[in-house]
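Participant: Please read through the structure below; I'll follow up with questions.
The values are calculated or read from the model by the stated rules, or taken from the named source; none is laboratory data. None of the values given here were measured: they were computed from a predicted structure. Note that we place each Cβ from the backbone using ideal geometry, even for glycine, and neighbour counts take in every protein chain shown. These area figures cover heavy atoms from the full protein model, side chains too; ligands, DNA and RNA do not enter into them. Shrake-Rupley method; radii C 1.70, N 1.55, O 1.52, S 1.80 Å.
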Amino acid sequence: MNQSIRIILRFLLLLVLQLLLFEHMDLGMYVYPMPYILFLLLFPCTYSAAALMIWAFAFGLLLDFFSAGIMGLHTSAFVALAALRNGLIKAMTLKGDIDNLSVPGFIQFGTVRFVLFVLLCTAIHHIVYFFLEAFTLHLFWHTLGRLAGSLLLNTFLILLFKKTFYEQKR
Amino acid sequence: MAGLPYLLRKILVLLLFLALQTVAIVLMVNNSYFQQNAILQVVRKWQTSAWERRSSWIAFKNLRTLNDALSQENAALKEELARLSLLEHSLLAKKEIPTSIPDTFSFIPARVIRNSVNHRHNHLVIDKGLADGVRPDMGVIGSGGIAGVVSYAAENHALVISLLNTQQRFTAEHKETGTFGTLRWNGVHYKKIQLSEIPQHTKVTKGDTIISSPFSLIFPDGIPLGTVLSQSQKRGTSLELEIELFLDFKTLRYVQVVSRVKEKELQQIKQKEEEAL
């Protein structure tokens, strides 16, 4: 299948899943499922940062529009992650490796390094999301608690999705 | 873009990042509930039908608790009816029938088809809209207190800013002393809300009732909202009370939109006041 068609299908799938399923899950104040972050982690390592940001912007904007929340919140967090993703990959891999790696994954990165990578990506997204949502440092620990709870769940969900549906065979 | 020198490429990417972030932040700060919904009229139509189906299923699961709440409310209403009819009889006996009853509100019953409690900015969507007389800035009450205020009304549904929204302020007063303050949620727990700007000399004890204030023009006054849990001083000048709400937003299914009959006159007075300032 053509790469861009695959990206668009993935885009729609994750968007619909987030809007119809995860937005309606009521898991309490401290856990907010947002596995859509996976979308950005499935692009090839050498994909340009500018293109990543535009994808993230489009995704975030649509999500903000259709969920009855605050406009621009998901967008801002997702664009921030898109901007930092490639730098993170560069920092976590050896220089020679990067050309051989197609998409970040368990096999390509090694299990431990990939889990750490997903954790850091989710953390970047969540720090922007939860602190922008709060917009103050008042109740800092409460915001941090929400961040930590969601971080654990979403890292787990993303790893699960990746392992189940997007693992490339060698 | 591959032909450009490295530095220039980096700068372009940075500029793109800043541009996209600016758009996102501007959208967030403008907080355009109205535009957002106006654009989405068409989508909201099928979205609401999906929300409705889901909420009716959940409502079915909660029928028992709902029944209990309704019977309690019924009892309270009957009590009030009895009290009022007694009053009416005594007035009739004196033949001093008032020519008009001053402030009257009418209530539009509605069903909540979408609700959230675990964000900082929560919203409700209800199944009544312009066609049923719902207008923006009308109050919404549930059985057990204020639920929110209508921010946008479409033909057959309306978006309500929940009481559980850190950006929305309401007015409420301490029943025992009549002191009023600002009611605003701090975003932590869906059963606890904060009433601030209460003067320091006010004598507040735990368990006191907080009611809606007559100074808020969109709600009838005297609706019990909750009880005082604790109090603390803020900036040495005023008290902040923590209130436990009577209304449980997690099981909120039926609400009433409050429409003020003489709303137009009030608006005119308010406008004149603003012009005078």
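Participant: Tell me: how much accessible area in total is hidden between B and A, 1.4 Å probe, Å², nearest 100?
Facilitator: Chain pair B/A: roughly 3200 Å² of buried accessible area.
Participant: Where the accessible area of the stretch A:3-165 is counted over protein heavy atoms with a 1.4 Å probe, how much of it, in %, is carbon and sulfur?
Facilitator: Of the solvent-accessible surface of the stretch A:3-165, carbon and sulfur hold 76 percent.
Participant: With each pseudo-label sitting 7 Å past Cα toward Cβ, what's the B:W57-B:Q167 distance in nm, one decimal?
Facilitator: Those two pseudo-labels are separated by 3.1 nm.
Participant: With angles folded into 0 to 90 degrees, how steeply does helix B:263-276 sit against the dominant principal axis of chain B? Use alpha carbons for both and round to 10.
Facilitator: Once rounded, the angle reads 60 degrees.
Participant: Label-point separation (nm) for B:S232 and B:E80, each offset 7 Å from Cα along Cα-to-Cβ?
Facilitator: Between B:S232 and B:E80, the simple spin-label model gives 3.4 nm.
Participant: Modelling each spin label as a point 7 Å along the Cα-to-Cβ direction, I'd like the A:L116/B:V26 distance in nm, to one decimal.
Facilitator: Result: 4.0 nm between the two label points.
Participant: I would also like to ask the following. Using Cα atoms only, what is the angle between the long axis of helix B:63-94 and the major principal axis of chain B, expressed in degrees (0 to 90) to the nearest 10?
Facilitator: Once rounded, one gets 40 degrees.
Participant: Same structure, new question: Need one value for A:72-80: mean number of C-beta atoms belonging to other chains within 10 Å of its residues' C-beta atoms.
Facilitator: Partner Cβ neighbours, averaged per residue: 5.
Participant: How much accessible area per residue does the stretch A:3-165 have, in Å², with a 1.4 Å probe?
Facilitator: I get 41 Å² per residue for the stretch A:3-165.
Participant: OK, next. How far is helix B:6-30 tilted off the main Cα axis of chain B, in degrees rounded to 10, range 0 to 90?
Facilitator: 10 degrees
Participant: Beyond 22 Å between alpha-carbons counts as too far, so tell me which of B:K78/B:K250; B:K78/B:K192; B:K192/B:K234; B:K78/B:K206 fall in that bin.
Facilitator: B:K78/B:K250; B:K78/B:K192; B:K78/B:K206
Participant: Right, here's the next one. Just to confirm the filter: which chymotrypsin sites (Phe, Trp or Tyr not before Pro) across the stretch B:185-270 are DSSP coil and have at most 14 other Cβ within 10 angstrom of their Cβ?
Facilitator: B:F215
Participant: Would you mind getting me the FRET efficiency between B:L92 and A:L13? Use the beta-carbon distance for r and R0 = 56 Å, nearest 0.05.
Facilitator: So the FRET efficiency works out to roughly 0.20.
Participant: Per the helix-only calculation at 222 nm, which mean residue ellipticity applies to chain A, given -39500 (n - 2.57) for every DSSP H run of n ≥ 4 and division by its residues, nearest 500 deg cm²/dmol?
Facilitator: Mean residue ellipticity, 222 nm, calculated: -22500 deg cm²/dmol.
Participant: When ligands, DNA and RNA are left out and all protein chains stay put, how many square angstrom of accessible area per residue does chain B have with a 1.4 Å probe?
Facilitator: For chain B, the solvent-accessible area averages 58 Å² per residue.
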